[in-house]
Amino acid sequence: MVQLLGKIPTQFTSQQTVEEMALLAYNRALKLASPGSPVLGLGFTGSLASSQPKRGDHRFYLSTRTSNRLWVSNVSLSKGLRTREQEDRISSHILLEAMAGACKVSATYVSELTESEVPDEHERLFDEDEELQELIDGKICMKVYPFSSEAYSSNSERKIILSGSFNPLHDGHIKLLEVASSMCHDGLPCFEISAINADKPPLTIAQIKDRVKQFERIGMTVIVSTQPFFYKKAELFPGSAFVIGSDTAARLINPKYYGGDRTKMMEILVNCKRTGCTFLVGGRNVDGVFKVLEDFDIPEELRDMFISIPQDRFRMDISSTEIRKKWSS
């Protein structure tokens, strides 16, 4: 329990603990599922009959968490009425019923609770703004907007991800992801926006929703995450192919961005490699000069992690910054 929660809970059997368990399970399900798949986090903690008599109540808490609903139930059992096996069976049946309810499927459970053993249930529903606020606060790791039909039909666990601020989204972004996807044998193409920026304030809920609307219009899947750094994105999306520009590749292999510590840089990038992630690199203007992956000295241990997108397949000298400048002039 301590390893799961990352702390010693004030009480092991409590509403707070079971809510945290369900939220952790929900975040894990988000990471494991295909983008857009509905997922469920389930938490259960109890103090049931044991070989030695208990001073406290025989009780259990259970919680389910989905994208828009948190449900918690607390059940106190009549002390001394049942064996441990009987209490286990009752709590397991109620747990299965809760899971069915969260998945919106019918359950055929017949309650074995007595009239005095009435579950104390609480429910909280979330709208999109509340869910995005949880994302900004770091409570959930991502929110997926599966605007592409591929999000539902893809069986691939691998993702082909183009990350950026997309302020605004432009044809260069779309073309780059299309070309990168054609170079990969499988994988779900999607865009990714980090609500948290390394050197700027977090995006507001309104900013996130405005940028997400761009992807709805073109029917492309977008993921909103909380990770501004690629080594953290690699942990969140293991085995993925990240689509980047050569300017980003230049920063990834520059010790300057790791406090001037090359050893630290290599350790971080080797750990990225261990997650199974690769980087598909498209040409970009760097300090006024168009550069491709081959123009940079990639450390030998990392060369097979970086794959060049040929210039004849992709070159668009356009950037969101330039578009914003034109808008403001």
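Here's the yes/no breakdown for (1) within 19 Å of Arg158 (Cβ to Cβ); (2) in contact with a strand residue (DSSP E or B) (Cβ under 8 Å, 6 or more places away or on another chain); (3) open to solvent by 10 Å² or more (accessible area, probe 1.4 Å); (4) not acidic (Asp, Glu):
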residue: Thr275; (1), (2), (3), (4): yes, no, yes, yes
residue: Gly288; (1), (2), (3), (4): no, no, yes, yes
residue: Asp297; (1), (2), (3), (4): no, no, yes, no
residue: Glu300; (1), (2), (3), (4): no, no, yes, no
residue: Arg303; (1), (2), (3), (4): no, no, yes, yes
residue: Phe306; (1), (2), (3), (4): yes, yes, yes, yes
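Return yes when Asp171 is at negative phi, touching a Lys or Arg at 6+ places or on another chain (Cβ under 7 Å), open to solvent by 60 Å² or more (accessible area, probe 1.4 Å) and not small (Gly, Ala, Ser) and no when it is not. No; evaluated as a whole, the condition is false for this residue. Is at least one residue of the stretch 250-260 touching a residue at least 24 places away in the same chain (Cβ under 8 Å), open to solvent by 20 Å² or more (accessible area, probe 1.4 Å), more than 29 Å from Met316 (Cα to Cα) and not aromatic (Phe, Trp, Tyr)? Checked the stretch 250-260: no residue is touching a residue at least 24 places away in the same chain (Cβ under 8 Å), open to solvent by 20 Å² or more (accessible area, probe 1.4 Å), more than 29 Å from Met316 (Cα to Cα) and not aromatic (Phe, Trp, Tyr). Among residues of the stretch 119-134 that are under 21 Å from Asn74 (Cα atoms), those with a Cβ under 6 angstrom from a residue that is part of a strand (DSSP E or B) and among the hydroxyl-bearing types (Ser, Thr, Tyr), sequence gap 6+ or separate chain, pair up as Pro119/Ser73; Glu121/Ser73. A Cβ distance below 8 Å, combined with a sequence gap of six or more or placement on separate chains, defines the contacts here; from the stretch 38-62, residues that are farther than 18 Å from Ala100 by Cα reach residues that are of a type in the set (A, V, I, L, M) and open to solvent by 50 Å² or more (accessible area, probe 1.4 Å) in the pairs Thr45/Met1.
Residues in the stretch 65-109 that are among the hydrophobic types (A, V, I, L, M, F, W, C), without any contact (Cβ under 8 Å) to a residue 40 or more places away in the chain and outside any loop (DSSP other than H, G, I, E, B): Ile90, Ile94, Leu96, Ala100. Within the stretch 182-203, can one find any residue that is surrounded by fewer than 21 Cβ atoms within 10 Å (Cβ to Cβ), part of a helix (DSSP H, G or I) and out of contact with any Asp or Glu (no Cβ under 7 Å at 6 or more places or on another chain)? Taking every residue of the stretch 182-203 in turn, at least one turns out to be surrounded by fewer than 21 Cβ atoms within 10 Å (Cβ to Cβ), part of a helix (DSSP H, G or I) and out of contact with any Asp or Glu (no Cβ under 7 Å at 6 or more places or on another chain). Sort out for me the strands (runs of 3 or more DSSP E) sitting completely within the stretch 242-292 that have 2 or more residues that are at pLDDT below 95. Where strands (runs of 3 or more DSSP E) fall fully within the stretch 242-292 and carry at least 2 residues being at pLDDT below 95, they are 284-286, 289-291.
The values are calculated or read from the model by the stated rules, or taken from the named source; none is laboratory data. All values reported here derive from a predicted model rather than from experimental measurement. Here Cβ is always computed from backbone atoms with ideal geometry, including for glycine, and neighbour counts include all displayed protein chains. In case anyone asks, the SASA skips ligands and DNA or RNA and just uses the protein heavy atoms, side chains included. Shrake-Rupley method; radii C 1.70, N 1.55, O 1.52, S 1.80 Å.
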